Amino acid sequence: MLSRPGVDSRSTARRRGRLAAAVRRRWIRLRHRGEEVECPCCGRRWAAFAADWNRPDAVCPGCGAHERHRALWLYLRDRVQVGRGPTDLLHFAPEHGLSVALAGLPLVRRVTADLDGHRVDVAVDITAMPFVDASFDAILCSHVLEHVEDDRTAMAELARVLRPGGWALVMVPIDSARAETYEDPAIVGEEARERAFWQHDHVRLYAPDIAERLRDAGLEVDPVRIVDSLPAGAAARYGLLPDDTVFHCVRPS
């Protein structure tokens, strides 16, 4: 049977691309062999973490977890103790490294969600979720809200789908030098947004006052610098950033 013109060539190009990516991953892992640092998400040890596009010592060569993913998993494991009991968990924009760690928890029933529905359980607009009230015991929402035009409605939705007493862990890029979150709907170009908000697809630059926005949505909020809850030496061992903050939110009972 004859193939349509171009189909075979596109398929070959995809296979070559996957092979090249696999070879590159193998080379990175060989280059970083060692015992000096450890990724808590996948448990593997390395001489150092691999560089990301904008900084060194950022990415686990094994599972791809970045600093914030490793920090969030440590907080989940040690502070929240996720998986100790049955938990219905909604996970937005699931990160591979965190997915690797959470997959080992049989009592966690995880629903993964993202706007475009690619490689997740359900396509979800975080400002209008298709879930009934009080559907989940827990929510992970890391580095999502800075992309959302109407973040206050999104926060209200997080509170709505949480069960009373349930918790949500929210992380966003924070400019700690600012007193107030900076947003300007007139800034729309990619270059302008990157200058103003640190990344071309961000629509605001949060300050620590994000905690007040979350409280306005009806949540109790405890901002926690993750490294402060860890033993001495853990930040260096796990390659964490000192200012990464999780906003631990609870829906009041």
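The values are calculated or read from the model by the stated rules, or taken from the named source; none is laboratory data. Keep in mind the model is a prediction, meaning the values are calculated, not measured. Reconstructed Cβ throughout: ideal geometry from the backbone, glycine too, with neighbour counts over all protein chains shown.
Considering only region 174-198, state which residues are surrounded by 16 or more Cβ atoms within 10 Å (Cβ to Cβ) and either closer than 28 Å to V250 by Cα or in contact (Cβ under 8 Å) with a residue 24 or more places away in the chain (or both).
Result: I174, T181, E183, F197.
What pairs can you find where one residue is in region 212-237 and touching a residue at least 60 places away in the same chain (Cβ under 8 Å) and closer than 22 Å to G165 by Cα, the other is of a type outside the set (D, E) and part of a loop (DSSP other than H, G, I, E, B), and their Cβ atoms are less than 9 Å apart, with a gap of 6+ or different chains?
R213/T181; G218/R251; G218/P252; L219/R251; L219/P252; I226/L240; I226/L241
Take the conditions in contact with an Asp or Glu (Cβ under 8 Å, 6 or more places away or on another chain) and closer than 30 Å to I187 by Cβ and apply them to A128. Does it pass?
Numbers: in contact with an Asp or Glu (Cβ under 8 Å, 6 or more places away or on another chain): yes; closer than 30 Å to I187 by Cβ: yes.
Spelling it out, A128 is indeed in contact with an Asp or Glu (Cβ under 8 Å, 6 or more places away or on another chain) and closer than 30 Å to I187 by Cβ.
Suppose we keep only residues that are part of a loop (DSSP other than H, G, I, E, B) and out of contact with any Lys or Arg (no Cβ under 9 Å at 6 or more places or on another chain) within region 77-95. Which one would you say is surrounded by the most Cβ atoms within 10 Å (Cβ to Cβ)? Working first, answer last.
First pass over region 77-95, keeping only residues part of a loop (DSSP other than H, G, I, E, B): 81-86, 93-95.
Next, only the ones that are out of contact with any Lys or Arg (no Cβ under 9 Å at 6 or more places or on another chain) stay: 81-82, 84-85, 93.
Details: Q81: 9, V82: 23, R84: 10, G85: 9, A93: 17.
If we take residues in region 77-95 being part of a loop (DSSP other than H, G, I, E, B) and out of contact with any Lys or Arg (no Cβ under 9 Å at 6 or more places or on another chain), then V82 is surrounded by the most Cβ atoms within 10 Å (Cβ to Cβ).
Do the conditions hold for L98, that is, is it closer than 21 Å to A65 by Cβ, surrounded by 19 or more Cβ atoms within 10 Å (Cβ to Cβ) and either among the hydroxyl-bearing types (S, T, Y) or in contact with an Asp or Glu (Cβ under 9 Å, 6 or more places away or on another chain) (or both)?
Values: closer than 21 Å to A65 by Cβ: yes; surrounded by 19 or more Cβ atoms within 10 Å (Cβ to Cβ): yes; either among the hydroxyl-bearing types (S, T, Y) or in contact with an Asp or Glu (Cβ under 9 Å, 6 or more places away or on another chain) (or both): no.
Criteria not met by L98.
Please list, ordered by first then second residue, the pairs with beta carbon atoms under 6 Å, 6 or more apart or interchain, first in region 25-54 and farther than 14 Å from H66 by Cβ and of a type in the set (A, V, I, L, M), second in a loop (DSSP other than H, G, I, E, B) and at pLDDT 95 or above.
I28/P61; A47/E36
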